[in-house]
Amino acid sequence: MRRISALLVLLALLCSTPVAGDDDTVVIVMRDMAFDPAEVTVRVGQIVRWENHERRQFHNVWFRELGEEPGDYLFPEEYTERSFDQPGEYPYVCQPHEDRGMVGVVRVQ
């Protein structure tokens, strides 16, 4: 009985522990033609990672307002990362799917 209780406590701890990256990484999932979450707030220098969790679809991350070129396509199970040096609001889109509402924003404090 003690072993079962200890196992249940261990399982509860494992299920409540976040696993989406370390403390310095914020993960945004690309799935179902959306960024999830669509809006995040991070600290200056904190890493943001976009992960493609689609089964077949490619996406990219484009910070158009920064004057950048569209990002490379990310195919399923691929990711890209970046950090931000200045506080501000950084809107971005998935270039091929912007017309389907695939947009997001990173707020940097």
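Just so it is clear, none of the values below were taken in a lab; they were calculated from the coordinates. Just so we're clear, the structure is a prediction, and the values are computed from it rather than from any experiment. Virtual Cβ from ideal backbone geometry, glycine too; neighbours counted across all protein chains shown.
Brief remarks on what is shown
- For region 19-108, dividing the convex hull volume of the Cα atoms by the residue count gives 88 Å³ per residue.
- Taking 0.36 nm per residue of sequence separation and removing the Cα-Cα distance, the Glu81/His53 pair yields an extension gain of 8.6 nm.
- Whole-Hz couplings from phi, Karplus 6.51/-1.76/1.60, listed for region 96-109; x for Gly and Pro: x, 10, 4, 5, 9, x, 8, 9, x, 8, 10, 9, 10, 10
- You can think of it this way: the chain between Asp99 and Asp24 has 23.8 nm of extra reach, that is 0.36 nm per residue less the Cα-Cα gap.
- Proximity of backbone amide H atoms, modeled 1.01 Å from N, is registered between Thr41 and Arg107 at under 5 Å, excluding neighbours fewer than 5 places apart on the same chain.
- Which of Pro87, Pro70, Asn60, positive extreme of dipole for region 46-89 (C-beta unit charges): Asn60
- Cβ crowding within 10 Å, taken as a proxy for footprinting-reagent exposure, orders Met33, Met102 from fewest neighbours to most as Met33, Met102.
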